[in-house]
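Student: The structure is given below, and queries will be raised subsequently.
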């Protein structure tokens, strides 16, 4: 049996028993046994198909398949250079660059010549000026992205000129549109590419005044619908309906704008306020530079105007936008611009530095869909044209924004990752290796059994490396082996180390076995808050209950920083009690038919201590 078939068998058999139990209660509704049997078979077939789909949908395509799809897409883009506009020419070049093309390649050099030609156009007075192609602000935005990706120092003058063009075409409302209609209320898509272009200019060292970002923030907040969504043309009665594509465009732009206006916004990294000493890196000379946090660490002297849009207002808009995206998540059934939507998803996830949007593995879902829809010639069909759609697909598969920000996209065993807040960095410099100028733990080799043995050893000095490798093994490896080792993982839920307990809880939620639910529910009262949060998230994954039964992910997310420790403990314990109550009720409604005893009675002994 393959790993997938064993997972399906486990889940199907569990659901079979659940359905049998429920069926007994409804059997009296049927006049004959024949009718009951038909009813049961119909239900069982539906369950089998549903579970099979869920298991198939959870797997990320092999890297070799993704790389092959990118290669075929690039081949299609290179088949012809008859690009209608310099904007499309630049978009293809940006795509190739993010897919690994050398800036010195003939394709990129041809694009650069076209971009430079736009900077030497003759105006009506016989003077040279910058004038982008017919796509105007789309074109200018993408050209900035290309120039910054190729050589921001060499093309500093062109970047500054193009940025000035975009600043000059911004409407008073804060949006962008085509220059011939200065009274238009704005276009969410064009505004997105203007924002992306100006962000590239900032990364290249060109100052964009705060007033530009502030006006853009105001426009987005004023045109965002109450549910967090966005329309294409907010001021147009015919084109203002909420759209998936515009939802990711508008929300993604707010994420970029927030980085520019509030690069040092107080994003809580711990439920307890840390001292300055605790915030310092473990060893300063090996600091990992976060591009987002250092985006504007030193304000330009000419860029000190105070924003009129508050940090809290932007955070609220981002939160509503992301909530709408998660609630309406859809990578399979979009009729218009599905690849545009995927690129927006990738950008938001990269800036937010997350591998999941709610319970959804956005990259696995998107990659799988793109492999299914790629054409024989290597292209992807699109609403506008095949080249644009193919570019968007390759940008997504290449994780273009993630590369810009230096994201690693390693599997996350806890809510914020093993290496969050410096956790997971080895104390001994001998345990450090450098790759591409960045610090990494030494990778451990070995199968799942050996990695579990590392976690079972309290004296293990390579705990962090073992955790990281185990998570990667489970995420990318054979799920059958995880099922075979389930009993060992269950024992780790009681390990002394909270990091080990957290990893065990994460692993159990990936078994797709409802019978581990009591262990996760019990972990909702673990002495360590991070384990409780991981248990809640694990139950969401296992149950497919996106909203977590109405319980917030972090009980301390919205409390005041100066709240004393006793009050914090009360809040956390109240959250744990309510979460336990709700998840136990859920489990009692779905627990396997063959459980002759109550697992909660077996597991009720749990050490209670102050929340950490």
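The values are calculated or read from the model by the stated rules, or taken from the named source; none is laboratory data. If you're wondering where the values come from, they're calculated on a predicted model, not measured in any experiment. FYI the Cβ positions are ideal-geometry reconstructions off the backbone, even for glycines, and counts take in every protein chain you see.
Student: How many residues, within segment 541-574, are within 16 Å of residue 359 (Cα to Cα) and not in a loop (DSSP other than H, G, I, E, B)?
Tutor: Adding up the residues that qualify gives 6.
Student: Please find, within segment 521-540, the residue that is farthest from the chain's Cα centre (by Cα) out of those that are surrounded by fewer than 23 Cβ atoms within 10 Å (Cβ to Cβ) and part of a loop (DSSP other than H, G, I, E, B).
Tutor: 527
Student: If you don't mind, there's one more thing I want to ask. State which residue is surrounded by the most Cβ atoms within 10 Å (Cβ to Cβ) when the search covers only segment 73-105 and only residues that are at pLDDT below 90 and not in a helix (DSSP H, G or I).
Tutor: The selected residue is 83.
Student: State whether one or more residues within segment 563-572 are over 23 Å from residue 360 (Cβ atoms) and either in contact with a helix residue (DSSP H, G or I) (Cβ under 6 Å, 6 or more places away or on another chain) or crowded, with 20+ Cβ neighbours inside 10 Å (or both). Outline the logic, then answer.
Tutor: In the first step, residues of segment 563-572 are kept if they are over 23 Å from residue 360 (Cβ atoms); the result is 563-572.
After this cut, where a residue has to be either in contact with a helix residue (DSSP H, G or I) (Cβ under 6 Å, 6 or more places away or on another chain) or crowded, with 20+ Cβ neighbours inside 10 Å (or both) as well, the list is 572.
Within segment 563-572 (the criterion being over 23 Å from residue 360 (Cβ atoms) and either in contact with a helix residue (DSSP H, G or I) (Cβ under 6 Å, 6 or more places away or on another chain) or crowded, with 20+ Cβ neighbours inside 10 Å (or both)), the answer is yes, since at least one residue qualifies.
Student: Could I ask something else about it? (1) in a loop (DSSP other than H, G, I, E, B); (2) over 27 Å from residue 324 (Cα atoms); (3) touching a helix residue (DSSP H, G or I) at 6+ places or on another chain (Cβ under 6 Å): which one isn't true of residue 518, the others all being true?
Tutor: Looking at each condition in turn, residue 518 falls short on (1).
Student: Please go through (1) modelled with pLDDT of 75 or more; (2) within 29 Å of residue 316 (Cβ to Cβ); (3) more than 21 Å from the chain's Cα centre (by Cα) for residue 543 and return the number of the only condition it doesn't satisfy.
Tutor: So residue 543 meets the others, but not (3).
Student: Would you confirm, using the coordinates I've provided, whether residue 235 is within 22 Å of residue 341 (Cα to Cα) and modelled with pLDDT of 95 or more?
Tutor: Numbers: within 22 Å of residue 341 (Cα to Cα): yes; modelled with pLDDT of 95 or more: no.
Judged against the criteria, residue 235 is not a match.
Student: Shifting gears a bit: Given the conditions (1) under 20 Å from residue 244 (Cβ atoms); (2) free of Cβ contacts under 8 Å to residues at least 40 places away in the same chain, and given that residue 316 satisfies all but one, which numbered condition is not satisfied?
Tutor: (1)
Student: Anything in segment 535-544 that is in contact (Cβ under 8 Å) with a residue 60 or more places away in the chain and over 21 Å from residue 500 (Cα atoms)? List them, or say none. Quick ask: steps written out before the conclusion?
Tutor: As a first pass, look at segment 535-544 and keep what is in contact (Cβ under 8 Å) with a residue 60 or more places away in the chain: 537, 540-541, 544.
544, the sole residue that qualifies.
Student: Of (1) within 18 Å of residue 314 (Cβ to Cβ); (2) part of a loop (DSSP other than H, G, I, E, B); (3) over 24 Å from the mean Cα position of the chain (by Cα), residue 212 satisfies all except one. Which?
Tutor: Every condition holds for residue 212 apart from (2).
Student: Mind counting the residues in segment 118-152 that are at negative phi and free of Cβ contacts under 8 Å to residues at least 12 places away in the same chain?
Tutor: 9
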